[in-house]
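What follows is a set of notes on a single structure, which appears directly below.
Read-outs throughout are calculated quantities, based only on the coordinates presented, and are distinct from any laboratory measurement. The model shown is predicted, which means the values in this text are computed figures rather than measured ones. Glycine also receives a Cβ, built like all others from the backbone with ideal geometry; neighbour counts cover every protein chain displayed.
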Amino acid sequence: MAHKIRVAFLGEGEMLPAAVVAVLDKNILPPENIFLSEKDKAVHEAVAGSGVVFCPDDMNTVVKGEIVVVCAPKKSELSAALSPISGCTRGRIVIAMCPGADCAYVADRVSRGTTILAAQPEMSEDGILTAELEYAPGFPSYMRGPCAEIVGSICELR
């Protein structure tokens with residue numbers, strides 16, 4: 001059964017549209033609870049007509065979500081994606097899906113009071129995308145399952 005939480009998806013690279021498509025295909029979230037920025041053209045093309053909600057920009061996308069998933073292929077791109085939204089992450093969960101970006105790295109780039117889950121995806125020798133989850137101290141236990149399912153929709157969890 002789909003979770004009723006509201007989730008905003010932002011970022012760069014191929015992982016962003018793949019994550020949104022996977023969450024929809026696996027019925028982890030209902031489409032009306034998924035918020036995307038209209039500026040993310042690859043995602044727009046991948047899920048147009050699916051019922052997801054498109055917002056005019058990243059800031060409007062973030063304020064709609066209880067959870068904000070930020071995908072980036074490099075730490076520098078994660079930094080660039082977090083910079084314009086850092087002022088509105090307080091009270092939200094940020095799931096950072098980026099190789100090499102741990103909770104401390106993300107915490108330095110978001111508002112105080114942001115709850116963080118860092119997932120560092122990497123390709124296994126078998127060609128499978130895997131990730132280990134790092135929960136920041138104080139991460140609410142009741143949100144661990146839904147957040148792990150979001151990451152697990154695209155990555156095999158270690």
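Structure notes:
- Couplings for the stretch 53-59, taken from phi via the Karplus curve 6.51 cos²θ - 1.76 cosθ + 1.60 with θ = phi - 60°, read 9, 9, 10, x, 7, 4, 4 Hz in order; Gly and Pro are left as x.
- Nitroxide proxy distance, nm - points 7 Å out along Cα→Cβ at Ser141 and Met123: 3.9 nm
- Here the stretch 7-157 carries DSSP beta bridges of which approximately 20% are antiparallel, counting only pairs with both residues inside.
- Here the stretch 1-88 is assigned +1 on the Cβ of each Lys and Arg and -1 on the Cβ of each Asp and Glu. Its dipole about the Cα centre then comes out at about 220 debye.
- Applied to the stretch 62-79, the Karplus parametrisation 6.51 cos²θ - 1.76 cosθ + 1.60 on θ = phi - 60° returns per-residue 3J(HN,Hα) values of 4, 5, 7, x, 7, 10, 10, 9, 10, 9, 7, x, 9, 4, 5, 6, 5, 4 Hz, with x for Gly and Pro.
- Of Lys4/Lys75; Lys39/Lys64; Lys4/Lys41, pairs whose Cα-Cα distance is over 20 Å: Lys4/Lys75; Lys4/Lys41
- GNM result for the chain, Cα springs below 10 Å: residue of Glu45, Glu66, Glu77 fluctuating most strongly: Glu45
- Annotation: amide H-H contacts under 5 Å for Cys55 (H modelled 1.01 Å from N, sequence separation of 5 or more, or interchain): Leu36, Ser37, Glu38.
- Couplings for the stretch 99-112, taken from phi via the Karplus curve 6.51 cos²θ - 1.76 cosθ + 1.60 with θ = phi - 60°, read x, x, 9, 9, 4, 4, 4, 5, 4, 5, 10, 10, 5, 4 Hz in order; Gly and Pro are left as x.
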